[in-house]
Amino acid sequence: MPTGVVAANEPPLSDAGLDQSVQRGSSVLLDGTGSRDPDGRIVEYDWTIITPNGQEITPVNESTARTTFDATHRGRYEVSLTVVDEDGASRTDTMYVTVERGRAPTVQISGPETSTAGTEATYTASFDRGAAPLDRIVWRVDGVPVGTDSLTTGQPTASLSHTFGSTGSHSIVATVYDTDRLNDSSTHRLTTRAISANEPADSTQSASLASRHSPTVTGPRLVTGERPLAATYQLTDAPSSSVRSVAWRTERTAIASGRTVSVEWTPGDHKLYAIVSYSDGSRDVARFADGETSVVADPEPAVAIRDLVTSGRVAGDAVAEDGYGNLQSVRVTLNGQRITRWPRNVVDTGKRLSSERHVSFSKKAEVGSESTISVTATDERGQTTTVSKEVTPTGVPEIVSSGFVNTPVDSYHERIDPDRYLAKHVMRVRLNGADPGMVSVQLETKKKNLVTIVETDRRLEYLGDGGGRVVVVTTRVKADSPGEYPVKFRLKQDDQRISWVDTVLHVESSPPELRLNVTYDGTFNQRNEWGMIIDAGSSFDPDGTELRYIWTEGAESISPDNETAKFRSHENATVTLRDDDSETTSRSHSFHQFFSPQIESIQSESQEPYQPNETVTLEVKTDDYQFTKNSYEADIGIRAKGVDVEVKDWRRVRTRPPNTASDVRQWVGTIEVPAHQLTENPDAVLEVYNEENPRRIKQRKHIPSVTVLTNATSVRYNSNVSNIRYLTKHVQHRQQTVDTVREKNQLILRGYNLTDTEITDTNQVIEERVKVQDAQYRTETEQFRTANRRDVFVHESSEWSAGGSTTFTETVPVTETEWRDERGGSGEFTGDTRQKKIDGADYKRWNQYEYEREVTKTGTREDWDYRTKVVEETRTRMVTHCSFFGCYEYEKEYTVDVRESYRVRVTETYTYTTTETETYWSFRPRRAGHDFTGESRLIKVDPADYTTQYEYRIETTREETYRLYEATREVQTAPPQYEWRHDQTVTGRIDSYRITRDPDLRVASTTVSKEWTLSKYQGLSKVISDTYKEEENVLETRATVEGVVVERAFNPKNGTFVTTNVNRFTETQTRDGVSTSDDFLSQTRPEVVCNVQNRGQPSCGGGYR
């Protein structure tokens, strides 16, 4: 049988396709069918897509050769295809999809094409999003922005409500923007007509009030100067008697009402007008005297000097802002000499106007000499603002010396003396004229939080021999563990780094700290067994290591943790602490400084209760105690927590019991405490302490409470009211009747008030309406880009007719973008980047080859196999049986072994040799005899190379020449002028009504004969009397109250009152309005008023004591 040769598996070839460029919102087709496996087949496809913002997304079907995904973001998508063959080998290919801006949004405005000046109308913008989501809509009226609204997803429309203050043609432009900065605009043109003022308000008048008056707005049209840009405007030529209301409006909204309005303008171009409504219902729009509504608010430039540096030179940033956007120049001077300006060239002044400009400046200046830095900004209108600062240039501070002065130090622990762990670093800095307050020192370490600053202080010194001032900065730092710590101390001036010094902080390990406490004083009544029990459990190692307790000589450990030991009486004793660094601390012999007896009792010597201002005397005793030797001493002190005490007596008492060799000791004494403090501080305690260790060795006990009287309200008995009097008022008026306006006005000026008016007669003057001037007209022109548009407009607007044409040349700003290989250069970076192919992918042609080979294969076939087997067969035979009664036959069964033949189906395995044709893809045949099939394809062997490009926006201009075709119409600029002239005078309203039914006649004025009744307030008199007539005229009631007042104190222990003083009282009381005796008795006072009827009540103290 021939032997087969098995070749090594070749991984498949992945082909994700060529790079693509699509618009945003497009569906991108991914085709990986170009992938092949040279020696097998591909069994798995896996697509991976990375979006421009770094997120991973999946296509519609990520496991097929062909699939799609939606390009919803701008930028470059990275698409990778991994293919796997039947043997598990895989390869990955990557292609890029560049997504550009797609379809722009569209917008269309709808709304009325005619409106009335002073009347609000609503205009609606309908829009459709393009490839990107919508962002905002900007409204402009007659070229002026009036509003910006954000747009939400799915929002179909947006509306603008606007009121035009002037007549004529107007335009409303709506511009929608999407998130890709694409936009579309729609313009809506309309005509605003004047309010019809010639129509009468009702049938009883010949003409409206609006037609008789020409209201005008007066006030500044140009508002300049400092902010706020405030101006006041008034309505004139409209009599107050005829005006019902005045509504003031700007280009954006209504702002106020009334004949006068004050406005704080924001910088920019505005419109201001007033809608005047007359009493007969007619309306008019008031404008400035020239018929315009425009107001310009142009503030003077604002100037600031920032980041000023005066060390070695004068440098900083000059910032100029102009709210109107017409900043023309910025000039910086030092002591009157210009050091820089914007623009650089004088010839460019006025050519480039700006809203904000930063101008950096730097100039060497003489150290120590006072100088003036000034910044002057000028706008196009000539408004100038100057800001100056007085500065004194200084030299640069320099380090004279720097270093630690007390290292090495111990590591930090909160329970040891700070002088042991605080490292003191001292830096001396020569100021060289600099402000010491602007000089600072900053600590820097390689690893944070290992070395920390605890405190920093500074002081000034003077060096001799003209060395000048020196600031000494002392910095105290600490470290938590032993070691050597490299640190950097950086010198800074006004937060600017100047220089630094590197040094090392040396921290040594600390010995253990021994802390002892006597828990038993050794007072067994056995002379040889007396001893103290000492607890060393409060000891610690400042370095944080574990401690080992070593008790020697007369000390015996009595606790499992070895922290507590018992000292025998007549033997020396020693305790030693050892830490993990082998540092030790020991103490021998004397331990009585760690002993303090318990407080046995605290008793009051004086009788309760106490007045708050009295002193409580307390007797204090400690427990008895004994030492093993009479020579041992422990000085015990006493103090209080929470109250102020005065120790009157504190002494040691010694006694020796019979048949003993040791003295029994006890501390006794007397202290005094203010009584009121015991009430205010019920948690006050007494402490006795060992004077050698007053903070650690102490015993305390609460001071027992005592009864302290508290001040209580005083009470009154047997109060009575007498001598009740009333303070009343009397109003006086003087009345006069007159029949002339002059007399009436004189009386009003003299303080009279009008109380009644009576009409005695009526005369009316009739005027006739006479035309004195014909109407005036002006030619209005509308321009169009094409003659066809002009003709359509003329056809649809009957009042317009075709005119001539005009050629214009206009310089227009143009915004262009270009892609650059590097950041920098002129223009503004837009923030967008793209990948540009700099070298295409390399492809090689693969050919398909075939060859024949003999292959040994294994097959199976079925056949019949004949076999034999032995089976047991049952048979019968006749048998004769004989007995005493005779013979007979019967059948009998028996078995025999029989050999049978049978066949079975079997499967047979066999081998055979066949010839197969194999194909493969390769650049060349692998062996001789391999034939080219005629099939070939291109295979990418090297992907394309890309570079990142940056998009820049460049502002340029270009000249455009175009022809405008004109349509003209005659527009009335002034209506016919009429005057009302005197016709006749009539008496009575019936005659005037009959005459004024003629529309050219009106009542010009009415003269009414009247009588006026006026009164004047003559004053208010006040009288005190025992009676009154009218209650409303009573101002107040006065009375004399007499009785007995008892001063008391309250005993909180038994809940009773104690009388401290008794006096009689007499006082005059006053109450507003009318009051009775009961009112005075029930008047709320600090004291409780008691009479015979209620003297037994608890609040009245239950009577005298």
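The values are calculated or read from the model by the stated rules, or taken from the named source; none is laboratory data. Remember, it's a predicted structure, so these values are computed and weren't measured experimentally. Reconstructed Cβ throughout: ideal geometry from the backbone, glycine too, with neighbour counts over all protein chains shown.
Can you name every residue in region 1027-1073 that is surrounded by 15 or more Cβ atoms within 10 Å (Cβ to Cβ) and small (G, A, S)?
Once the filter is applied, which keeps residues that are surrounded by 15 or more Cβ atoms within 10 Å (Cβ to Cβ) and small (G, A, S), region 1027-1073 yields A1039, G1043, A1049.
Of all residues being modelled with pLDDT of 80 or more and surrounded by fewer than 12 Cβ atoms within 10 Å (Cβ to Cβ) in region 558-572, which is nearest to A536 (Cα to Cα)? Just the residue, please.
By that ranking, first place goes to D561.
Could you list all residues from region 324-340 that are over 16 Å from Q383 (Cα atoms) and either assigned to a strand (DSSP E or B) or in contact with a His (Cβ under 8 Å, 6 or more places away or on another chain) (or both)?
Selection gives V332, T333, L334, Q337, R338, I339, T340.
With the checklist (1) within 24 Å of D269 (Cβ to Cβ); (2) out of contact with any Ser or Thr (no Cβ under 7 Å at 6 or more places or on another chain); (3) among the small types (G, A, S); (4) surrounded by 15 or more Cβ atoms within 10 Å (Cβ to Cβ) in hand, flag the one item G118 doesn't pass.
For G118, the exception is condition (2).
Only one of these is over 27 Å from R283 (Cβ atoms), assigned by TED's automatic domain parsing to the domain that holds L182 and assigned to a strand (DSSP E or B): S126, S80. Name it.
Details: S80 fails: assigned by TED's automatic domain parsing to the domain that holds L182.
Going through S126, S80 in turn, the sole match is S126.
Please go through region 83-115 and give me each residue that is surrounded by 16 or more Cβ atoms within 10 Å (Cβ to Cβ) and not in a strand (DSSP E or B), ordered by number.
R101, G102, R103, A104, P105, G111
Tell me the residue from V741, V715, V770, V688 that is in contact with a Pro (Cβ under 9 Å, 6 or more places away or on another chain) and either in contact (Cβ under 8 Å) with a residue 24 or more places away in the chain or over 30 Å from Q598 (Cβ atoms) (or both), please.
That would be V688, the only listed residue that is in contact with a Pro (Cβ under 9 Å, 6 or more places away or on another chain) and either in contact (Cβ under 8 Å) with a residue 24 or more places away in the chain or over 30 Å from Q598 (Cβ atoms) (or both).
Please go through region 415-468 and pick out each residue that is in a loop (DSSP other than H, G, I, E, B), over 29 Å from D480 (Cα atoms) and either of a type outside the set (S, T, N, Q) or not assigned by TED's automatic domain parsing to the domain that holds G403 (or both).
Passing the criteria: L431, G433, A434, D435, G464, D465, G466, G467.
Could you count how many residues in region 311-335 are more than 29 Å from P397 (Cβ to Cβ) and either out of contact with any strand residue (DSSP E or B) (no Cβ under 6 Å at 6 or more places or on another chain) or of a type in the set (V, I, T) (or both)?
Count: 2.
Suppose we keep only residues that are acidic (D, E) and farther than 13 Å from F932 by Cα within region 842-857. Which one would you say is nearest to the chain's Cα centre (by Cα)?
Looking only at region 842-857, we keep the residues that are acidic (D, E), and these are 842, 850, 852, 854.
Now narrow it down to the ones that are farther than 13 Å from F932 by Cα: 842, 854.
Values: D842: 55, E854: 81 Å.
The qualifying residue nearest to the chain's Cα centre (by Cα) is D842.
Taking into account only those residues within region 341-351 that are outside any strand (DSSP E or B) and within 15 Å of R331 (Cβ to Cβ), which is modelled with the highest pLDDT?
P343
All but one of (1) surrounded by fewer than 16 Cβ atoms within 10 Å (Cβ to Cβ); (2) under 59 Å from the mean Cα position of the chain (by Cα) hold for T679; which doesn't?
(1)
Specify which of the listed residues (T124, T119, T92) is among the polar types (S, T, N, Q), modelled with pLDDT of 90 or more and either within 30 Å of A194 (Cα to Cα) or touching a His at 6+ places or on another chain (Cβ under 8 Å) (or both). Steps first, please.
Numbers: T119 fails: modelled with pLDDT of 90 or more; T92 fails: either within 30 Å of A194 (Cα to Cα) or touching a His at 6+ places or on another chain (Cβ under 8 Å) (or both).
Exactly one of T124, T119, T92 is among the polar types (S, T, N, Q), modelled with pLDDT of 90 or more and either within 30 Å of A194 (Cα to Cα) or touching a His at 6+ places or on another chain (Cβ under 8 Å) (or both), namely T124.
Check T817, T856, T833 and return the single one that is in contact with a Lys or Arg (Cβ under 6 Å, 6 or more places away or on another chain), modelled with pLDDT of 80 or more, of a type outside the set (K, R) and surrounded by 11 or more Cβ atoms within 10 Å (Cβ to Cβ).
On the way: T856 fails: in contact with a Lys or Arg (Cβ under 6 Å, 6 or more places away or on another chain); T833 fails: in contact with a Lys or Arg (Cβ under 6 Å, 6 or more places away or on another chain).
Exactly one residue qualifies, and that residue is T817.
Take region 1075-1105 and flag every residue that is modelled with pLDDT of 80 or more and either exposed (fewer than 15 other Cβ atoms within 10 Å of the Cβ) or touching a His at 6+ places or on another chain (Cβ under 6 Å) (or both).
T1076, S1077, D1078
Here are some residues: V295, V285, V276. Which one is touching a residue at least 40 places away in the same chain (Cβ under 8 Å), in contact with a His (Cβ under 7 Å, 6 or more places away or on another chain) and in the same structural domain as E226 (by TED's automatic domain parsing)?
Of the residues listed, the single one that is touching a residue at least 40 places away in the same chain (Cβ under 8 Å), in contact with a His (Cβ under 7 Å, 6 or more places away or on another chain) and in the same structural domain as E226 (by TED's automatic domain parsing) is V295.
For residues that are within 60 Å of the chain's Cα centre (by Cα) and in a strand (DSSP E or B), tally how many sit in region 728-771.
1
Contact list please: Cβ distance under 6 Å, first residue in region 931-949 and farther than 16 Å from R76 by Cα, second residue hydrophobic (A, V, I, L, M, F, W, C) and in a strand (DSSP E or B), pairs at least six apart or on different chains.
Pairs that qualify, where the first residue is farther than 16 Å from R76 by Cα and the partner is hydrophobic (A, V, I, L, M, F, W, C) and in a strand (DSSP E or B), are R937/W846; I939/W846.
Out of all the residues in region 398-409, is one or more surrounded by 18 or more Cβ atoms within 10 Å (Cβ to Cβ), assigned by TED's automatic domain parsing to the domain that holds V454 and not hydroxyl-bearing (S, T, Y)?
Among the residues of region 398-409, at least one is surrounded by 18 or more Cβ atoms within 10 Å (Cβ to Cβ), assigned by TED's automatic domain parsing to the domain that holds V454 and not hydroxyl-bearing (S, T, Y), which makes the answer yes.
What are the residues in region 540-564 that are over 58 Å from the mean Cα position of the chain (by Cα) and of a type in the set (D, E, K, R), if any?
Selection gives E553, E556.
Could you please find all residues in region 130-143 being buried (at least 21 other Cβ atoms within 10 Å of the Cβ) and outside any strand (DSSP E or B)?
Those that are buried (at least 21 other Cβ atoms within 10 Å of the Cβ) and outside any strand (DSSP E or B): G130, A131, A132.
Run V1074 past the list (1) in a strand (DSSP E or B); (2) among the β-branched types (V, I, T); (3) touching a Ser or Thr at 6+ places or on another chain (Cβ under 7 Å) and report the number of the one that doesn't hold.
All conditions pass for V1074, except number (1).
Can you tell me which residue in region 907-930 is farthest from R41 (Cα to Cα), limited to those that are among the aromatic types (F, W, Y) and assigned to a strand (DSSP E or B)?
The qualifying residue farthest from R41 (Cα to Cα) is Y910.
Residues to consider are G827, G804; find the one that is among the small types (G, A, S), under 29 Å from Y96 (Cα atoms) and not assigned by TED's automatic domain parsing to the domain that holds R924.
G827
Looking only at region 144-189, filter to residues that are buried (at least 17 other Cβ atoms within 10 Å of the Cβ), assigned to a strand (DSSP E or B) and aliphatic (A, V, I, L, M); which one of those is modelled with the lowest pLDDT?
V146
Being more than 52 Å from the chain's Cα centre (by Cα), touching a residue at least 40 places away in the same chain (Cβ under 8 Å) and outside any strand (DSSP E or B) is the filter here, so list the residues in region 695-705 that pass it.
Selection gives I697, I703, P704.
Give all pairs with beta carbons closer than 7 Å in which a residue from region 125-143 that is without any contact (Cβ under 8 Å) to a residue 40 or more places away in the chain meets a residue that is in a loop (DSSP other than H, G, I, E, B); count only pairs at least 6 apart in sequence or on separate chains.
Hits for this filter: S126/P156; D128/P105.
Report yes if V643 is assigned by TED's automatic domain parsing to the domain that holds R665, at pLDDT 80 or above and outside any strand (DSSP E or B), otherwise no. Please lay out each step first, then the result.
Numbers: assigned by TED's automatic domain parsing to the domain that holds R665: yes; at pLDDT 80 or above: yes; outside any strand (DSSP E or B): yes.
So V643 fits the description; yes.
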